[in-house]
Amino acid sequence: MTNPTQSEKDRVVIFDTTLRDGEQCPGATMTHEEKLAVAELLDAMGVDIIEAGFPIASEGDFAAVHEIAKRSKNAVICGLSRASLKDIDRCAEAIKPAKRRRIHTFLSTSPVHMKWKLQKEPHEVFEMVIAQVTRARSHTDDVEWSAEDGTRTEHDFLCRCVEAAINAGATTINIPDTVGYTVPEEYAALFRMVRERVPNSDNARFSVHCHDDIGMAVANSLAGVSGGARQIECTINGIGERAGNAALEEVVMAMKVRNDVLPFWTGVDATMLTRASKLVAAATSFPVQYNKAIVGRNAFAHESGIHQDGMLKNAQTYEIMTPESVGVKQTSLVMGKHSGRHAFAHKLEELGYHLAANQLEDAFVRFKALADKKKQIYDEDIEALVDEEIAHAHDRIKVLSLTVIAGTMGPQSATLSLDIDGKHVTTQSTGNGPVDAIFKAIRELVPHEAKLELYQVHAVTEGTDAQAEVSVRLSENGRAVTAKGADPDTLVASAKAYLGALNKLLSRRSKGNADERRIHSTDFG
Ligand code: KIV
Ligand code: ZN
């Protein structure tokens, strides 16, 4: 919804690539259902374009893009493809059901990429740009072309490629800072230069796509907009290759809070940012750093006496935006063991969840079990519980029971029963500490070679009876998966997290190793 002071020329289109560049980073793999849930929320919050995946990369990517395309209500659904015509056709097939669809096709243009990665001469790359855009245009009117490693591309060649891409029908031109190398002034000047020098530049929208290798992704993205770009490619929580991409919540709020110097606007409903951050953190099991801008747990916390005193007198002393403006609600003590199904369903709606009837029923049963153990149930407890429900709904292996003997006398032991595809199995193991004993028991019941890369615990809320949230990352054949488990008992949460990661590995294997065929976006085919 525009207001009278917002003109179309200052409108910045938000292109979310959480499900493509974000999902591509090590350990951030999402299941099919998680991708659908993230896409649904992005669509509801007013993201203009959802880059839903890289369809040629795997059967799983294709299926997710295809399903998201079917379900999207408002957003343009976009798929990524390299320059090969096979890639582009596969991408077109995946996005076909969408009401509005885009093909995003890319090719490297920098000397280092052309020489070493593509092993092609500039004139060959130039011809490929025309061919790839032409092919994409044969499928849809909405075509984005990216000059990969654009910020390290020689200016004359970049301008020639951009002009050719627009002539071939590209409607959006993206100049990515693929390696997170540029700085704000330089990136702004790059857009000004290209827009001035390329004769048909008025026929396309320019786009920024920044990586955070030296911590400048958001600043660079905003500078690109000042230089004339009107699309920002970004991800929730800034997840993405290496150090990540520009964080959607940060670019959106920067333009809102500093509209005096960044006089641009977007169609994103900022009050949904916190919810989106939590959903993506749960789906990827990538914890959000506590001091992360906008969505970090401490982003609106005031600890020092001087700050608290100022806040009590007037919140504007230390707050440049209100917590409510980004969807942070006061932690409220809401539910207890006497709360019924109806109140629980209402609470979920309030927190932004729309569960299917069977998921709601399962979540309610787990809520009741939690309320029996924990006196005070906060919103965060319910979120942890439901996020886990969504993440583990299709797990083949589940914890049935766990008994642990721990303490100073050692060795610590764990007796674990699992449900594996409906079959119940039990074992007992000892270990160097209770967590080690549990993980050994899991290995006995589900033999596997995956390596434990990360084990991390944090409390969902305050208090000694708080739920523990454990993150576990496992890697197998060079691919990593991360999962979370939540429970008032840290050891049970540990078992759930480990099994969550194992379930993700199993689901990948059962897709006929489809994901093993995944291709890194920067590969060339
Ligand atoms: O970082 C990058 O260059 C990309 C392209 C595929 C746009 O992700
Ligand atoms: Zn990227």
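The values are calculated or read from the model by the stated rules, or taken from the named source; none is laboratory data. Since this is a predicted model, take the numbers as computed values, not measurements. When we count neighbours, we look across all protein chains shown, and the Cβ atoms used for this are built from the backbone with ideal geometry, even at glycine. In case anyone asks, the SASA skips ligands and DNA or RNA and just uses the protein heavy atoms, side chains included. Shrake-Rupley method; radii C 1.70, N 1.55, O 1.52, S 1.80 Å.
Scanning region 193-210 for residues that are in contact with a strand residue (DSSP E or B) (Cβ under 6 Å, 6 or more places away or on another chain) and free of Cβ contacts under 8 Å to residues at least 60 places away in the same chain yields A204, F206, V208, C210.
Taking each residue of region 361-379 that is under 19 Å from T490 (Cα atoms) and looking for partners that are open to solvent by 70 Å² or more (accessible area, probe 1.4 Å) and β-branched (V, I, T) with beta-carbon atoms closer than 7 Å, six or more apart or interchain, yields Y378/T331.
Could you check region 207-234 and list, in sequence order, the residues that are closer than 25 Å to D141 by Cβ and within 16 Å of ligand 2 (Cβ to nearest atom)? Passing the criteria: S207, V208, H209, G224, A229, Q231, I232, E233, C234.
Taken together, V386, V365, V404 contain a single residue that is of a type outside the set (D, E), assigned to a strand (DSSP E or B) and at negative phi, which is V404. Of the residues screened, A39 is not one that is more than 15 Å from ligand 1 (Cβ to nearest atom), over 19 Å from E249 (Cα atoms), in contact with a strand residue (DSSP E or B) (Cβ under 6 Å, 6 or more places away or on another chain) and part of a helix (DSSP H, G or I). Each residue in region 431-466 was checked for being over 29 Å from the mean Cα position of the chain (by Cα), more than 15 Å from V492 (Cβ to Cβ) and exposed (fewer than 15 other Cβ atoms within 10 Å of the Cβ), and 6 of them qualify.
Mind listing whichever residues of region 209-241 are part of a loop (DSSP other than H, G, I, E, B), among the charged types (D, E, K, R) and at pLDDT 95 or above? Within region 209-241, D212, D213, R230 qualify.
Listed by first and then second residue, the pairs with beta-carbon distance under 7 Å, at least 6 apart or on different chains, first residue in region 92-121 and more than 22 Å from Y181 (Cα to Cα), second open to solvent by 70 Å² or more (accessible area, probe 1.4 Å), are A92/H139; I95/R101; P97/K70; I103/H139. Residues in region 244-270 that are away from ligand 2 (no atom under 16 Å from the Cβ), open to solvent by less than 50 Å² (accessible area, probe 1.4 Å) and in a loop (DSSP other than H, G, I, E, B): L262, F264, T266, G267, V268. Residues that are surrounded by 24 or more Cβ atoms within 10 Å (Cβ to Cβ) and not aliphatic (A, V, I, L, M) were ranked within region 1-23; the one that is nearest to E144 (Cα to Cα) is F15. You will find that of I232, I214, I173, I236, the residue that is without any contact (Cβ under 8 Å) to a residue 60 or more places away in the chain and under 27 Å from A39 (Cα atoms) is I173 and no other. Within region 216-235, the set of residues being farther than 19 Å from Q24 by Cα and within 16 Å of ligand 1 (Cβ to nearest atom) comprises M216, V218, N220, S221, G224, A229, Q231. Only a single item in (1) closer than 24 Å to A75 by Cβ; (2) touching a residue at least 60 places away in the same chain (Cβ under 8 Å); (3) more than 16 Å from ligand 1 (Cβ to nearest atom); (4) of a type in the set (V, I, T) is not met by V257, and it is number (1). The set of residues in region 209-237 being in contact with a Phe, Trp or Tyr (Cβ under 9 Å, 6 or more places away or on another chain), more than 17 Å from H104 (Cα to Cα), open to solvent by 20 Å² or more (accessible area, probe 1.4 Å) and of a type outside the set (A, V, I, L, M, F, W, C) consists of D213, S226, N237. For region 374-401, a residue qualifies if it is of a type in the set (K, R) and over 22 Å from A483 (Cβ atoms), and the qualifying residues are K374, K375.
Scanning region 84-121 for residues that are more than 26 Å from L158 (Cβ to Cβ), open to solvent by 10 Å² or more (accessible area, probe 1.4 Å) and assigned to a loop (DSSP other than H, G, I, E, B) yields K96, P97, K99, R100.
I need the full set of residues from region 476-496 which are open to solvent by 20 Å² or more (accessible area, probe 1.4 Å) and not in a helix (DSSP H, G or I), in order please. Within region 476-496, E476, N477, G478, R479, K484, P488, D489 qualify.
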